[in-house]
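Data first, discussion second: the structure below is written as structure tokens.
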Amino acid sequence: MPNIICCFKWVVDEAYIKPSSSGKIDLEWAEYKLSDYDRNAIEEAVQLQEKYGGSVTAVTVASSDATKGIKDALSRGPEKAYFINDDQFENLEPSQTSAILAKVIGDQIDYDLIICGEGSSDMYSQQVGPRLAEKLGIPCIAFVNQLTIEDNRIIAERKTDDGLEVISAPLPALVTVLPDINSPRVPGLKDTLAASKKPVIEIDLEDLGSEYERLLIDEGLRAASMERNCSRFGAGPEDIKAFVEAVRKTGVIDRG
Amino acid sequence: MDFKLTEEQELIRDNMREFARTYVDPVAVEIDENSRYPEEVIKKLADGGWLGMPFPAEYGGAGVDYLTYAIAVEELSRSCAATGFTMSVHTGLACGPIALYGSDEQKKKYLTPMAKGEHLGAFALTEPGAGTDVGAATSTAVLDGDEYVLNGVKTFTSNGPVANTYVTFAWTDKNDKRNGMSAFIVSRETPGLSVGEHFMKMGIRASQTSEIIFKDCRIPKDNLLGKVGDGMKIAMACFDHGRIGIAAQAVGIAQAALDESISYSKQRVQFGKPISKNQAIQWMIADMYTDITAGRFLYYYAAYLKDQGLPFSKEASMAKVFCAEMCSKHASKAVQIHGGYGYCKGQKVERLMRDAKITEIYEGTSEAQRMVIAGNVLR
Amino acid sequence: MSGVWIYADKYEQGVELLTAGRGVADMLGMKLTALVSGDNNIAQDFIARGADEVLLLPPLTESQPVQDYVPLMADEARDADPDVFLIAASLKGKEMAARIAARLDTALCSECSAMNIDEKGKLQMERLMYGGAAIQTVSISSRPQMATIPPRSYEAAPVQSDRQGNIKTLESPEPSGMQVMERKGKAQASGDITAARIIVCAGRGIENQEDLAMVRELAEVLGGEVACTRPISEEKHWMTEESCIGLSAKEVKPALYLGIGVSGQIQHVVGIREAGIICAVNSDENAPIFESADYGITGDLYQIVPALIEEFKK
């Protein structure tokens, strides 16, 4: 009966990110959402609980206005949440987030397995999971797309650049999961209503009792442009000829 | 004054959006084309607890306020107006009167499976000769021992062919035009109840509409809804809150028209620039956004009043007529923005324009709404 | 101590990092140290290609994952205290880098897309965020300054004949308790799209799985590889994820990219932004792919692709 922790992040919905006229990123009207890959992390935790029993606890580090994120996460199945929040917890970098998570999880939560998304959909640094495992001194298996528990060990299939590896590790352990591990459920109405009634343990910076210094310094942010000047062609025989001619002229084909 | 939804309301809205994107968008075109009842989607709505939103938990509902329910109708209608309407008819017009006027017994027996989404409900009021003029109905219910014997033909019954439970109306005293009509709950399997002609509609084609025929249909006396003679009162009360659902549906359709117009106008290039750079298009988009926001707050307000237990009949009518008319207008504008492409099958705005029109007609025409509003204002 | 360190779990990426690391080391006037797993010959090869020193990681047992090097590498780095530590952003590399950074209590710039050195000798690094919509510039206030470098960001460093360097063999790492039970190769036999010079990419506009044959034929005529967008691999399962281009899939840098029925979602376009020439065929003249393309054909791909095959054959 494993006790499972799933970590999640409340992030800016990238659909709302628009470059302003000055090439800066304007987040004034941005809405927030549960980071995409964390939906898979929560879903996997809940599916494992359905299979093996035990408990699922959701944990996040966020600024104090992320209360909707807590309800959102809880509506997806976990039975309680740790809401580590402080006004100073805006735009934390991965070394800070993982250190804060490690402090709370290490001191306060019984766990056998921690599940994180492979990365967050805003920063996509893919660091917090592996860093957290190191801080807690437990095995880490990243980029997992299949997960089972057997005899107090996890068996995980993880993606590598060469294919797949099946890894076994003793519990407690941490995994980061890929989006193809499952299809997150859409919370029903009653799930959302129940979420508001689930216990939420709030912890702020003062409770943590230490400072978490920023080591990755933000030196600027600008809109990315991928625009090119497209020469347009129709579908007629002459157009196709002209298109092929134009592509050939660039020299990219015959050189090889 | 607080114009902000609660976090819970926002999440419920977001979840319905996610639901609609996941389960409704993929079938919306096909069910429109084939006039198909999306049984699998309705089942998913039931599983998600979406079919009994504003009713108490003890009767299988979720116990949320009417505003939250209306917001869910808007979001569902944004993907498919027909599915949104199926939910709205079931909740507002079929479950609604049983929740309001039903006995504890009736709520247990009928409302509970409906609110759980196990049974779908329909509202059979309109007759061939009695539309807005409800009093022109000819259906009759005659008490015979412990049973009423129901005779009559109902038409344009939404959810008619697919419902398990009907709320219907018939004269128990034909001579009393004021208090002679009564309301009844009728089960689908009642002998003598049959589904007549199916109507092929211009829009909301996936919503199933038919005649419902009662021929010597014997229903238990216990299925009388409210008291003898409450029929007209119940019908009018149903319309009041049903109209909030239709206003929300209309806003959903209009929002979809805006969504489509924004994305198309930014991509469509004419004269060397996206058409969204033209003032003519910008003004249409600005008007759409303004009207949608105004309409949304009108129906929010009507729902808020209802949730507070305050009179909301006039406000529901205002929301209904405004939202319906702006919806039709802007769905048509959205087709205009799309030009020739918008007039062709395959563009969502083509469906939206067909779907929009009905919001001006059903659950009280725009003209009927104005009668209600004027009656309130001029008294 | 000062210096620049590099590590890649694969040889090809290792020699690319030699180019990156040598550049940084020269600008800072520092020594370049490469962490290499393998034997003396490989160590010599790394020295010939630009390393001043090689720390040779001893072989692992069959069931040990490469991540077992993490404690060893972190300990060595703690002792040597390099200024910069660059790691190849393979899947394993990204995980190992984050874990090493945690052990060293330092920051890490993930998937650094551009790197400069400012007047104070500090790295200014760029990376994408918000699904590719924005570019963030970061620096690191702690030591070492760590970054992961996406494969193919740099050319492989060439062999130079007269180079000398030290080789130090490290002790075998302790087994971690994690065991590799099985390794499976890639499902598909065809080539690696990240190495392809020419890529023909199948998108959602392809209606049937059989129609991929047409796309393959076009790729064959051009001497390229076939890739796909996420809907083709993830939703339809017509191709494997190994062929999928985009954010959280493969990023490619071909000389020529030709998208067939690719609409051009930002998450896909991010994966092709480094392509030399981008061409697109799509029936929707408003498809966003055209904004990111150099050459575009608007029309029915079922007519255009056969015509292109004929024309390119000439």
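The values are calculated or read from the model by the stated rules, or taken from the named source; none is laboratory data. Being a predicted model, the structure only gives us computed values, none of them experimental. Note that each Cβ is placed from the backbone with ideal geometry, even for glycine, and that neighbours are counted across all protein chains shown.
Observations
- Flag if residue C:254 is touching a strand residue (DSSP E or B) at 6+ places or on another chain (Cβ under 6 Å) and assigned by TED's automatic domain parsing to the domain that holds residue C:204: yes
- Within segment C:206-224, not a single residue is facing another protein chain (nearest Cβ under 10 Å), exposed (fewer than 14 other Cβ atoms within 10 Å of the Cβ), free of Cβ contacts under 8 Å to residues at least 12 places away in the same chain and not small (Gly, Ala, Ser).
Condition check ((1) part of a helix (DSSP H, G or I); (2) closer than 28 Å to residue A:215 by Cβ; (3) modelled with pLDDT under 95) across all residues:
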position: C:21; (1), (2), (3): yes, yes, no
position: C:55; (1), (2), (3): no, yes, no
position: C:60; (1), (2), (3): no, no, yes
position: C:70; (1), (2), (3): yes, yes, no
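- From the options C:182, C:234, residue that is outside the structural domain of residue C:110 (by TED's automatic domain parsing), surrounded by fewer than 22 Cβ atoms within 10 Å (Cβ to Cβ) and either part of a strand (DSSP E or B) or in contact with a Gly (Cβ under 9 Å, 6 or more places away or on another chain) (or both): C:182
- The set of residues in segment A:139-153 that are within 10 Å of chain C (Cβ to nearest Cβ) and either in contact (Cβ under 8 Å) with a residue 60 or more places away in the chain or buried (at least 21 other Cβ atoms within 10 Å of the Cβ) (or both) comprises A:139, A:140, A:141, A:142, A:143.
- Only one of B:154, B:177, B:107 that is in a strand (DSSP E or B), over 16 Å from the mean Cα position of the chain (by Cα), basic (Lys, Arg) and at negative phi: B:154
- Residues satisfying the stated conditions in segment B:1-12, i.e. within 12 Å of residue B:300 (Cβ to Cβ) and either buried (at least 17 other Cβ atoms within 10 Å of the Cβ) or basic (Lys, Arg) (or both): B:4, B:9
- Residues (more than 16 Å from residue A:236 (Cα to Cα) and in contact (Cβ under 8 Å) with a residue 24 or more places away in the chain) located in segment C:275-314: C:275, C:287, C:288, C:289, C:290, C:291, C:292, C:293, C:313
- Helices (runs of 4 or more DSSP H) completely within segment B:1-79 that count 1 or more residues being within 13 Å of chain A (Cβ to nearest Cβ) and hydroxyl-bearing (Ser, Thr, Tyr): B:66-79
- Which listed residue is away from every other protein chain (no Cβ under 11 Å), basic (Lys, Arg) and at negative phi, from A:190, A:159, A:198: A:198
- All positions within segment B:158-184 that are surrounded by 23 or more Cβ atoms within 10 Å (Cβ to Cβ) and either of a type in the set (Phe, Trp, Tyr) or closer than 12 Å to residue B:125 by Cα (or both): B:158, B:160, B:166, B:167, B:168, B:169, B:170, B:181, B:182, B:183, B:184
- Strands (runs of 3 or more DSSP E) completely within segment A:111-196 that count 1 or more residues being more than 12 Å from the chain's Cα centre (by Cα) and at pLDDT below 95: A:140-150, A:153-160, A:163-170
- At least 1 residues being farther than 22 Å from residue B:89 by Cβ, out of contact with any helix residue (DSSP H, G or I) (no Cβ under 6 Å at 6 or more places or on another chain) and in contact (Cβ under 8 Å) with a residue 40 or more places away in the chain is the threshold, and among the helices (runs of 4 or more DSSP H) wholly inside segment B:279-379 those reaching it are B:279-307, B:313-342, B:366-377.
- Search result, residues across segment A:154-170 that are surrounded by fewer than 18 Cβ atoms within 10 Å (Cβ to Cβ) and under 23 Å from residue A:59 (Cα atoms): A:170
- Summed over segment B:264-301, the residues that are within 32 Å of the chain's Cα centre (by Cα) and farther than 27 Å from residue B:3 by Cβ give a count of 3.
- Residue B:314 being in the same structural domain as residue B:256 (by TED's automatic domain parsing), closer than 24 Å to residue B:69 by Cβ and in contact with a Phe, Trp or Tyr (Cβ under 6 Å, 6 or more places away or on another chain): no
- Selected residue (only one of A:98, A:125 is in contact with a Pro (Cβ under 7 Å, 6 or more places away or on another chain), under 21 Å from residue C:67 (Cα atoms) and hydroxyl-bearing (Ser, Thr, Tyr)): A:125
Condition check ((1) in a strand (DSSP E or B); (2) more than 7 Å from chain C (Cβ to nearest Cβ); (3) surrounded by 15 or more Cβ atoms within 10 Å (Cβ to Cβ); (4) hydroxyl-bearing (Ser, Thr, Tyr)) across all residues:
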| site | (1), (2), (3), (4) |
| --- | --- |
| A:206 | no, yes, no, no |
| A:210 | no, yes, no, yes |
| A:220 | yes, no, no, no |
| A:225 | no, yes, no, yes |
| A:228 | no, no, yes, no |
| A:238 | no, yes, no, no |
| A:243 | no, no, yes, no |
| A:248 | no, yes, no, no |
| A:252 | no, no, yes, no |
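- Index of the failed condition, residue A:105 passing every other in (1) assigned to a helix (DSSP H, G or I); (2) without any contact (Cβ under 8 Å) to a residue 12 or more places away in the chain; (3) not acidic (Asp, Glu): (2)
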